[in-house]
Amino acid sequence: MLITDLVLRTYTRELNNGPKPTLKFGKAKALTESKSKIEIASKVSLNGNEANLNYRLANIKDRGWQFYDVLVEGVSMVSNYRKQFDEHFQRKSASDLIDLLKSKLKEA
């Protein structure tokens, strides 16, 4: 998927030649009664700065646990990207978005 590749490449590019962040994970907390969705709170530290990250996972039939969102300091990455895509579609087409993502992937 273009968006997955772009996000991974963008965020990992910064870690190639510099200091590595440290992660501290908390316990998983069920988000549903069936425990099919969980959230794992964590803290990431880099160069004296610390941020709260919450990973949200869903147990998908025949696929196991899959990430479906990451909250950075309480802000959902999925909601943030969705808002940007909604704004894009108010002015442009899906094919324009695919072309934009492909060009950004080449740059990343």
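Values as computed for the structure displayed
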quantity	calculated
Added length on full extension, which subtracts the Cα-Cα distance from 0.36 nm per residue, Ile98 to Asn59	11.2 nm
Partner lysines for Lys102 [C-alpha distance under 22 Å; skip if fewer than 8 residues away on the same chain]	Lys83, Lys92
Estimated FRET transfer efficiency when R0 is 30 angstrom, pair Ala41-Asp86 (beta carbons, to 0.05)	0.60
Contour excess over end-to-end distance, with Cα ends at Thr32 and Ser79 and 0.36 nm allotted per residue	14.9 nm
Relative contact order for segment 2-107, counting Cα pairs under 8 Å that sit 6 or more residues apart, in percent	20
Charge tally in the Cβ shell below 13 Å around Gln66, where Lys, Arg are +1 and Asp, Glu are -1, Gln66 excluded	+2
Amide hydrogen neighbours beyond the local backbone of Leu31, cut-off 5 Å, H modeled	Lys37, Ile38, Glu39
Electrostatic dipole magnitude of the chain [Cβ: Lys, Arg +1; Asp, Glu -1; Cα centre; debye, to 20]	260
Entry for percent of Cα pairs over 19 Å apart (calculated from the structure that is shown) out of [x] 48; [y] 72; [z] 59	[z]
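FYI, it's all coordinate maths here, none of it is from the lab. Just so we're clear, the structure is a prediction, and the values are computed from it rather than from any experiment. For neighbour counting, all protein chains shown are included, and Cβ atoms are generated from backbone atoms with ideal geometry for every residue, glycine included.
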